[in-house]
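What follows is a short report on a single structure.
The values are calculated or read from the model by the stated rules, or taken from the named source; none is laboratory data. Owing to the predicted nature of the structure, the values given are computational and were not obtained by experimental measurement. As a convention, Cβ positions derive from the backbone with ideal geometry for all residues, glycine included, and neighbour counts pool all protein chains shown.
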Amino acid sequence: MTRAAVGSEKAVRGRYVALVLAVLLLVTAALVLFNRNGFLANRRLQIQMQETERELESRAAQLDSLEECARRLTTDSLFMEIRVREVLGWGRPDEHIVRFVDPE
């Protein structure tokens, strides 16, 4: 073989190796990004976890508020009277109740 042929063969082999490495790099990148345990799936799970944590905090605040209301209903007679008037629309004997309705 001549030097030109050997040089040409090395150039083709070098291109082939570079092509194989590029394909391997692309496959690896695709697996890292799009695998079910990959980067994108991990990011989606992180976002879902943050949303769940926010919802949990909201529910905890709601629970605290309801527990406080239940405590006050059992210990505070004035609060109980106010809530009975608001929710049930009850009043004291000989008391007239006037209800205002929003026109919709």
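Residues that are of a type in the set (Gly, Ala, Ser), surrounded by 10 or more Cβ atoms within 10 Å (Cβ to Cβ) and in a helix (DSSP H, G or I): does region 78-99 have at least one? Walk me through it before giving the result.
Step one: of region 78-99, the residues of a type in the set (Gly, Ala, Ser) are 89, 91.
Going one step further and asking which of them are surrounded by 10 or more Cβ atoms within 10 Å (Cβ to Cβ), we end up with 91.
After this cut, where a residue has to be in a helix (DSSP H, G or I) as well, the list is none.
The answer is no; no qualifying residue exists.
So that you can scan it fast, the table gives a plain yes or no per residue for (1) modelled with pLDDT under 85; (2) of a type in the set (Val, Ile, Thr); (3) at negative phi:
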| site | (1), (2), (3) |
| --- | --- |
| 25 | no, no, yes |
| 35 | yes, no, yes |
| 51 | no, no, yes |
| 79 | no, no, yes |
| 94 | no, no, no |
| 99 | yes, no, yes |
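Name the residue, out of 59, 36, that is part of a loop (DSSP other than H, G, I, E, B), surrounded by fewer than 11 Cβ atoms within 10 Å (Cβ to Cβ), without any contact (Cβ under 8 Å) to a residue 40 or more places away in the chain and under 34 Å from the mean Cα position of the chain (by Cα). Only one candidate passes the filter, namely 36.
Give 53, 68 a once-over and let me know the one that is in a helix (DSSP H, G or I), more than 19 Å from the chain's Cα centre (by Cα) and among the acidic types (Asp, Glu). Can you show your working first?
Values: 53 fails: more than 19 Å from the chain's Cα centre (by Cα).
On inspection, the qualifying residue turns out to be 68.
Test residue 74 against the criterion of being in a helix (DSSP H, G or I), at pLDDT 85 or above, over 35 Å from the mean Cα position of the chain (by Cα) and of a type in the set (Ser, Thr, Tyr), and give yes or no. Don't jump to the end; show me each part of the working.
Values: in a helix (DSSP H, G or I): yes; at pLDDT 85 or above: yes; over 35 Å from the mean Cα position of the chain (by Cα): yes; of a type in the set (Ser, Thr, Tyr): yes.
Spelling it out, residue 74 is indeed in a helix (DSSP H, G or I), at pLDDT 85 or above, over 35 Å from the mean Cα position of the chain (by Cα) and of a type in the set (Ser, Thr, Tyr).
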